[in-house]
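**Student:** This structure is in structure tokens; I'll ask about it shortly.
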Amino acid sequence: MSGADPNGDPETDTAGVPGDEEPDEPEESSAVIRPEWRSDLLLVAKVVLATYVGFFVVGVLSGAGVNATIGTIQSITFFGAIFALGALALNLHWGYTGMFNIGIAGFMAIGAYTLSIAVASPDGSPAGFGLPIPVGIVLGTIAAGLAGLVLVIPTLRVRADYFAIVTLGFSEIVRLSVQSRSLREIGDTAYGTGGGQGIRATPVDSVVGWLFDQPIVGDVGGVLIVLGETVGIASSVLERGIYTLVLILFVVAFYVLLTRIAHSPFGRVLKAIREDELAAKSLGKRTDRAKIAAFALGCALMGLVGTLWMGSRTHISPDNFMPLITFYVFVALIVGGAGSNTGSVIGGFVFAAFIFEGPRFVRTMVRANLGTDFPRTAHGAFAELGAGDPSALIGYVFYQQADEVRYIVLGVVLIVVMIKRPDGLLGHRKEISAGVDLSRRGAVADGGRPALGSDDRSDAAGETDDPAATNGGDHDE
Amino acid sequence: MGVGNTGKGVSEFVDEVRDRLSSPSGQELFALLIVLGIVVLALDLVRRLATGEMAFGRLWRYTWNGLVDSLYIALAAIGLSMTYSILRFANFSHGDLVTTGAFSGWAVAWLIGGWGVYGIGELVLFSPTAAGPTGGELGMNVLASPVAILVGLVAAALLTVAIALAIDRLVYRRMRNASGISLLIASVGVALALRYIIGVFWTVESHSATASAPILEEIPAWLPFERLNLHELTLVVTAVGLIVGLHLLLQYTKLGKAMRAMADNKDLALITGIPTERVIFATWSIGAGLAGVAGYLIVLDRGQFSINIGWFLLLLIFAAVILGGIGSIYGALVGSLVIGLTINVSLVWIPADLNEIAAFTLMILILIVKPDGLLGGVETA
């Protein structure tokens, strides 16, 4: 992306960056590894800005129109925030603990369905409990966390690749359950999942509209809407934008929470489990307990992401939770580089811009330049190509089949990243499980906090470059 | 709590039981629960049959469907188990090799069935426009056009093998020494790319490729069938033949021995001079060929299919392979049987849209009890 990475060195280089949210110990020579809030924020900002400018320039030059381009940029921001949230939650599982969870869609479904059942109107079909939205969000988060807890306790000892299949199986169990006709209305009650038709409920982004109706906030909102309308922005667009802002606040909250966890003793145990579970256990760490806690927390966060994403629709159905969703999040994390929270955020954004929205944007450009009159089948496209009209084929592939193109790009990116850069764009920033910078041994004595437990192990972890050691400590061959 | 004062004997007994139930026996307890559950279900089945709540014919139909399902699951599962044991990764693109077989094989069958009458594009793409023929008009059943069906079957195997080998060269060969998880992730990428490249040509809509299956009404009395669906019979005969053939290949040829050796210990196999790349070639050929045939035969049996046919099957295939224990082809067969019967016989108790849940739950439960699968101890033999 933005060529000049301010951190040529791994994250262990703390000199000169007194973390602005880390009030304690501002001395610069400390060897204790602390998060680098400022440089990371700068990096994220650079990537985001470069992407916006890139899309804007391409959009305007290609004749897609300013409005369509702005629309694309808005949905990039929305989905960028969503996938950043998902990737951050997954990073706790896969990046830090080395638990290969590909059941993300299932946990999102549990969160979103719990929310919908909680907030849907009691008169609806299926009926809900009519609770306020914040209560629903909390319930959804808790439900997903509990589901993760129930799933992980018995499957702790399963091998990494089997664990992957178990989680995928779990997410399909969830999806097929909510899809099942027999759970449409549970028992004789009016409550249920709605089967294939799903549930209709108040969307969570209606909170923005509700806020605008409140006394003081509403006045500010009213001013905003008037301002927006004078510039030519519809109030609905503005409300969506504000909801996206709320999501960005959640990204910041997730980021701070997970970075705090990663730099806590608990986080170092997690990283030690990723590198070598047996060694961590031998050092007296309760690895099982740490894995259970990390998994349940990550699942709860995934449930929260599910409520924030799918809850922003008036209607959710089982089709929203196909396993593809899981792979969206996975690609976001892998592109950014598992093991780095900043990487997760950047990965989520880059994924949303270039893989998720990219093909749709190309579709917009094709429509602006070549119209919409394209053959509907490959047969027709090749027939016109044979007749000497290549635009038919272009239109067929990039206009009619834009969704398929997205999935192909998704797959190809996954393959290329795994072959060329298995550590992702920012993979070299993977944090080691030591509390102190191991490359600066002298400094440990004066500046360092007493290292916690796992530091013996991280001698090896610090140098590790081979994928076998970094990819899941519990995968024994 | 309250038993403390009833004497030493009881408390010793309680201690003993507690010992049994402590550390390693969490799994034992779980296994006991599963066995108990199965016993209860079996007893309930007997009760239902005895009271006439369920006709015996219905149970037999479920069982037969289960056997048929387990055959095509087995064809695909064998290939997955082989790549798992020899290349050492969970290949998530295996389901899409099934899809490849279904599309490529039927495209060839249609091409032959309608050659000269309809345009090539219409045939290969299964009539994308309303003007094209239907499977019925082309007479796509085993009696009316056996040659087209047979050539399609062979083409399904060959084209799928060709695609699998091309993918191996493009992707997996560059990652021979990568970890199993890296390969797994790459295979997810392969799965998506392959499926939606097929989707660009054939769209995501569902297709119907075959004519309705010919039914044999007159059947020898000793067979437990009233009528016989010839497409189903073709599936059964082909699948059983291929499985037996594979068994002979693995047991009695040098290649089979080399494959077993490599699955057992790759380094030792290298030292002994086994040409590992050639074994990998054979693995992909056999695995992908069987997967392609499986896809082709499923379409022959069901008629309808879309690009998701293999993906939806993949988790069932994985369940079968894991149940049997990775690396054991006979384990994969047993696993397929268990899964095939589970998704059908479970219909006795649960509605049809929950039957796959039963299979996945069974997979998770058995993994909890036996993390190496039912036949986990048995190596590829």
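**Student:** Take the conditions on the phi > 0 side of the Ramachandran plot, out of contact with any strand residue (DSSP E or B) (no Cβ under 9 Å at 6 or more places or on another chain) and within 14 Å of another protein chain (Cβ to nearest Cβ) and apply them to A:GLY130. Does it pass?
**Tutor:** no
**Student:** From B:GLY132, B:GLY95, which residue is closer than 30 Å to A:HIS379 by Cβ, within 14 Å of another protein chain (Cβ to nearest Cβ), of a type in the set (Gly, Ala, Ser) and in contact with an Asp or Glu (Cβ under 9 Å, 6 or more places away or on another chain)?
**Tutor:** The conditions single out B:GLY132.
**Student:** So A:ASN67 fits all but one of (1) assigned to a helix (DSSP H, G or I); (2) in contact (Cβ under 8 Å) with a residue 12 or more places away in the chain; what number is the exception?
**Tutor:** (2)
**Student:** While we're looking at this one, here's another question. When you look at B:LEU97, is it part of a helix (DSSP H, G or I) and in contact (Cβ under 8 Å) with a residue 24 or more places away in the chain, yes or no?
**Tutor:** Answer is yes for this residue.
**Student:** For the list (1) surrounded by fewer than 21 Cβ atoms within 10 Å (Cβ to Cβ); (2) within 10 Å of another protein chain (Cβ to nearest Cβ); (3) hydroxyl-bearing (Ser, Thr, Tyr), I need the number of the one condition that B:SER127 fails.
**Tutor:** Condition (1) is where B:SER127 drops out.
**Student:** For the range A:384-396, how many residues are in a helix (DSSP H, G or I) and more than 29 Å from A:PHE327 (Cα to Cα)?
**Tutor:** 6
**Student:** Among the listed residues B:ALA239, B:ALA288, B:ALA282, B:ALA213, identify the single one that is in contact with a Ser or Thr (Cβ under 6 Å, 6 or more places away or on another chain), buried (at least 16 other Cβ atoms within 10 Å of the Cβ) and touching a residue at least 24 places away in the same chain (Cβ under 8 Å).
**Tutor:** Among B:ALA239, B:ALA288, B:ALA282, B:ALA213, only B:ALA288 is in contact with a Ser or Thr (Cβ under 6 Å, 6 or more places away or on another chain), buried (at least 16 other Cβ atoms within 10 Å of the Cβ) and touching a residue at least 24 places away in the same chain (Cβ under 8 Å).
**Student:** So, one more: Return the total of residues in the range A:397-412 being in contact (Cβ under 8 Å) with a residue 40 or more places away in the chain and either in a loop (DSSP other than H, G, I, E, B) or within 7 Å of chain B (Cβ to nearest Cβ) (or both).
**Tutor:** 2
**Student:** Does any residue in the range B:174-189 that is more than 7 Å from every other protein chain (Cβ to nearest Cβ) come within less than 6 Å, Cβ to Cβ, of a residue that is in a helix (DSSP H, G or I) six or more places away or on a different chain, and which pairs are these?
**Tutor:** That search, which allows pairs on different chains as well, returns B:LEU183/B:MET175.
**Student:** Of all residues in the range B:343-376 being among the acidic types (Asp, Glu) and part of a helix (DSSP H, G or I), which is surrounded by the most Cβ atoms within 10 Å (Cβ to Cβ)?
**Tutor:** Among those that are among the acidic types (Asp, Glu) and part of a helix (DSSP H, G or I), it is B:GLU356.
**Student:** Still on this model: Within the range A:385-413, count every residue that is out of contact with any Leu (no Cβ under 6 Å at 6 or more places or on another chain) and either surrounded by fewer than 16 Cβ atoms within 10 Å (Cβ to Cβ) or polar (S, T, N, Q) (or both).
**Tutor:** Selection size over the range A:385-413: 8.
**Student:** Can you tell which of B:LEU80, B:LEU43, B:LEU29 is within 14 Å of chain A (Cβ to nearest Cβ), more than 28 Å from the chain's Cα centre (by Cα) and either surrounded by fewer than 16 Cβ atoms within 10 Å (Cβ to Cβ) or modelled with pLDDT of 90 or more (or both)?
**Tutor:** On inspection, the qualifying residue turns out to be B:LEU29.
**Student:** Okay, next question. When both residues are 6+ apart or on different chains and their Cβ atoms are under 6 Å apart, which pairs have a first residue that lies in the range A:168-184 and is under 18 Å from B:LEU367 (Cα atoms) and more than 7 Å from chain B (Cβ to nearest Cβ), and a second that is at pLDDT below 90 and part of a helix (DSSP H, G or I)?
**Tutor:** From residues that are under 18 Å from B:LEU367 (Cα atoms) and more than 7 Å from chain B (Cβ to nearest Cβ), there are no pairs.
**Student:** Ok, one more. As an exercise: evaluate B:SER285 against (1) among the small types (Gly, Ala, Ser); (2) under 25 Å from B:ILE357 (Cβ atoms); (3) at pLDDT 90 or above and give the number of the one condition it does not meet.
**Tutor:** Status for B:SER285: all satisfied but (2).
**Student:** Something else: Kindly establish whether B:ILE73 is surrounded by 22 or more Cβ atoms within 10 Å (Cβ to Cβ), more than 12 Å from chain A (Cβ to nearest Cβ), out of contact with any His (no Cβ under 6 Å at 6 or more places or on another chain) and over 21 Å from B:ASN308 (Cβ atoms).
**Tutor:** So B:ILE73 does not fit the description; no.
**Student:** Does B:SER206 count as of a type in the set (Gly, Ala, Ser) and in contact with a Pro (Cβ under 8 Å, 6 or more places away or on another chain)?
**Tutor:** Here the answer is no, as B:SER206 does not meet what is asked.
**Student:** On the basis of being closer than 30 Å to A:ARG157 by Cα, in a helix (DSSP H, G or I) and either without any contact (Cβ under 8 Å) to a residue 40 or more places away in the chain or hydroxyl-bearing (Ser, Thr, Tyr) (or both), does A:TYR52 make the cut?
**Tutor:** When the stated conditions are applied, A:TYR52 does not pass them.
**Student:** Quick check on B:VAL204: is it within 14 Å of another protein chain (Cβ to nearest Cβ), surrounded by 14 or more Cβ atoms within 10 Å (Cβ to Cβ), touching a residue at least 12 places away in the same chain (Cβ under 8 Å) and under 22 Å from B:ILE298 (Cα atoms)?
**Tutor:** yes
**Student:** A further question on this structure: State the number of residues belonging to the range A:337-355 that are at pLDDT 85 or above, within 14 Å of chain B (Cβ to nearest Cβ) and surrounded by 24 or more Cβ atoms within 10 Å (Cβ to Cβ).
**Tutor:** Total meeting the criteria: 2.
**Student:** Looking at A:LEU92, A:LEU168, A:LEU146, which one is at pLDDT 95 or above and not hydroxyl-bearing (Ser, Thr, Tyr)?
**Tutor:** Within the list A:LEU92, A:LEU168, A:LEU146, the selection yields A:LEU146.
**Student:** Does the range B:319-330 include one or more residues that are surrounded by 24 or more Cβ atoms within 10 Å (Cβ to Cβ), away from chain A (no Cβ under 14 Å), over 27 Å from B:ALA213 (Cβ atoms) and not basic (Lys, Arg)?
**Tutor:** Scanning the range B:319-330 turns up at least one residue that is surrounded by 24 or more Cβ atoms within 10 Å (Cβ to Cβ), away from chain A (no Cβ under 14 Å), over 27 Å from B:ALA213 (Cβ atoms) and not basic (Lys, Arg).
**Student:** Does A:THR189 meet the test of being more than 9 Å from chain B (Cβ to nearest Cβ), buried (at least 22 other Cβ atoms within 10 Å of the Cβ) and polar (S, T, N, Q)?
**Tutor:** For A:THR189, the condition - more than 9 Å from chain B (Cβ to nearest Cβ), buried (at least 22 other Cβ atoms within 10 Å of the Cβ) and polar (S, T, N, Q) - is not met.
**Student:** Grab the helices (runs of 4 or more DSSP H) fully contained in the range A:206-295, keeping just those with 3 or more residues being at pLDDT below 75 and at negative phi.
**Tutor:** A:206-212, A:215-231, A:235-262
**Student:** Considering only the range A:151-186, state which residues are buried (at least 19 other Cβ atoms within 10 Å of the Cβ), among the aliphatic types (A, V, I, L, M) and in a loop (DSSP other than H, G, I, E, B).
**Tutor:** Listed by number, the list holds a single entry, A:VAL158.
**Student:** Shifting gears a bit: Can you say whether A:ALA201 is buried (at least 23 other Cβ atoms within 10 Å of the Cβ) and within 18 Å of A:SER125 (Cβ to Cβ), as far as the supplied structure shows?
**Tutor:** yes
**Student:** For the structure I just gave you, tell me whether B:ASP264 is surrounded by fewer than 24 Cβ atoms within 10 Å (Cβ to Cβ), in contact (Cβ under 8 Å) with a residue 12 or more places away in the chain and closer than 30 Å to A:ASP319 by Cα.
**Tutor:** So B:ASP264 does not fit the description; no.
**Student:** Which ones in the range B:295-314 are within 14 Å of chain A (Cβ to nearest Cβ), assigned to a helix (DSSP H, G or I) and either in contact with a helix residue (DSSP H, G or I) (Cβ under 6 Å, 6 or more places away or on another chain) or buried (at least 23 other Cβ atoms within 10 Å of the Cβ) (or both)?
**Tutor:** Hits for the range B:295-314 are B:GLY310, B:TRP311, B:LEU313, B:LEU314.
The values are calculated or read from the model by the stated rules, or taken from the named source; none is laboratory data. Nothing here was measured: the structure is a model prediction, and the numbers come from that model. Note that we place each Cβ from the backbone using ideal geometry, even for glycine, and neighbour counts take in every protein chain shown.
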